[in-house]
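Read the structure below first, then the notes.
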Amino acid sequence: MTQTPLVTVVVPAYDAARFVGETLRAACAQTYPRLEIVVVDDGSRDGTAAIVAAIAARDDRVRLVRKANAGVAAARNTGIEAARGELVAILDADDLWHPHKIARQVEVLARHGGDLGIVYCRYREIDEAGRVLRSPSFEPPRGDVYGALVLFNFLGGGSSALMRRDRLIAVGGFDPDVTRLGGPGAEDTMLFLRMAERWDWDLADAYLLGYRRMTGTMSTATEAMARSSDYVVADARARHPELPPRLFRWAAGEGRAYLGTEALYDGDWGAGLRLLRRAGAVDPGAVLRPRTAHALAIALRRSLAERLGRSARTMVPAHEAPGETPPGDGTDPTVGRPFLEVDPDLRPTGPGLPPALARRCAQAARWRTARPRAALGTAS
């Protein structure tokens, strides 16, 4: 790796006019000195291209690539092909970065002599106005993260990762077949598993990503996301049958239970209960969690509010209201504040993962694939 490598930021965008300007301003505000930004307009039907073109006219680091719509995985691959940088960072068109994100990740990569698969960061969930909803807090996996990543995708989305372009190409980039199953997000996990299979990871240990949560959209995608997640878990099991069967059972249960509660938070009883039943069928422990009870309570309150002709939000405590996401315990001082105004090193003091999931994560991190890493190649 060169001393100050060029970093290519790849921004896939489809009908992203609402947020892409804000996202690009956050990318352009990075303190890292060598940056190019490739925006791939994936056949947008709104004003996305015009917004990007206007920003590119003012900042020559920004390039616009236009293509017919083929999904987010194909759009990201197009950006990777167009990249001139030695390093690549994906930035979804509605997410935000803290100004020091890339600089801090490059520092971590340099400490390892460039010999990592991914450098990721912590993330805060943000609402449509860019205000913090919550800051997930848990002990982040490092080194060989494959087992932990099978259990659940702890990155919070594709916008967290900084990767070497040659290694992205070596694993084949993002898999469009996962996107074609209809569920967003699983193409990230598939790519990340390929990277974790071959190289160690490390963390820029700060909240450098604002991961946008959109209210009222999850219910239309949860079951498709579950199909995509099941596909990824099945692929991992086929590639590594030497790993304990319970890891894959846990992964299926945790994924379905999470998506089931997300559907309930979004008011979709049908999808939520179907996914929780499917989770319980393979892994009852994933369903018997406080999060499930809380999601059911929120969904019941919303239904009752609708029957009474009242606003659902008037029946939900203020600290629970944004997006009807799980509540904090009052120990996160960042909630409700604009993400870009919050110190990325400021952390909540409350509990992290549910104890049962934390124990599973610790166990999964100890399981190793039998295939020697050196035999898989170490692109230099």
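The values are calculated or read from the model by the stated rules, or taken from the named source; none is laboratory data. Since the structure is predicted, the reported quantities are computational estimates derived from the model, not experimental observations. A quick note on method: Cβ atoms are made from the backbone with ideal geometry, for glycine too, and the neighbour counts reach across all protein chains shown. Quick note on the areas: whole protein, heavy atoms, side chains included, nothing else; ligands and nucleic acids left out. Shrake-Rupley method; radii C 1.70, N 1.55, O 1.52, S 1.80 Å.
Numbers for the structure displayed
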{"item": "Dipole-positive endmost among Leu35, His112, Ala252 within the chain (Cβ charges, Cα centre)", "result": "Ala252"}
{"item": "Cut-off 13 Å between beta-carbons: net charge of the residues surrounding Thr8, Lys and Arg +1, Asp and Glu -1", "result": "+3"}
{"item": "Dipole magnitude (debye, nearest 20) for the chain, charges at Cβ of Lys, Arg, Asp, Glu", "result": "680"}
{"item": "Tensor-based shape of the stretch 94-226 (alpha-carbon gyration tensor, a/c under 1.5 rounded, otherwise prolate or oblate)", "result": "oblate"}
{"item": "Label-point separation in nm, Glu81 to Val282, each point 7 Å along Cα→Cβ", "result": "3.3"}
{"item": "Chymotrypsin sites (Phe, Trp or Tyr not before Pro) lying in DSSP loop within the stretch 121-169, provided at most 14 other Cβ fall within 10 Å", "result": "Phe138"}
{"item": "Where Trp250, Trp97 fall by accessible area, highest first, once all protein chains stay in place (1.4 Å)", "result": "Trp250, Trp97"}
{"item": "Global geometry of the stretch 21-92, whether rounded, prolate or oblate, following the gyration tensor of its Cα atoms and the 1.5 cut on a/c", "result": "oblate"}
{"item": "Residues of the chain: accessible area per residue with a 1.4 Å probe, Å²", "result": "41"}
{"item": "Solvent-accessible ranking of Asp188, Asp345, Asp205, largest area first, probe 1.4 Å", "result": "Asp345, Asp205, Asp188"}
{"item": "Per-residue [θ]222 nm for the chain (sum of -39500 (n - 2.57) over DSSP H runs n ≥ 4, rounded to 500)", "result": "-13000 deg cm²/dmol"}
{"item": "Bridge type composition, the chain - antiparallel percent by DSSP, nearest 5", "result": "30"}
{"item": "Burial ranking of peptide ranges 295-305, 239-249 (average Cβ count within 10 Å, highest at the top)", "result": "295-305, 239-249"}
{"item": "Within the accessible area of the chain (1.4 Å probe), percent carbon and sulfur", "result": "54"}
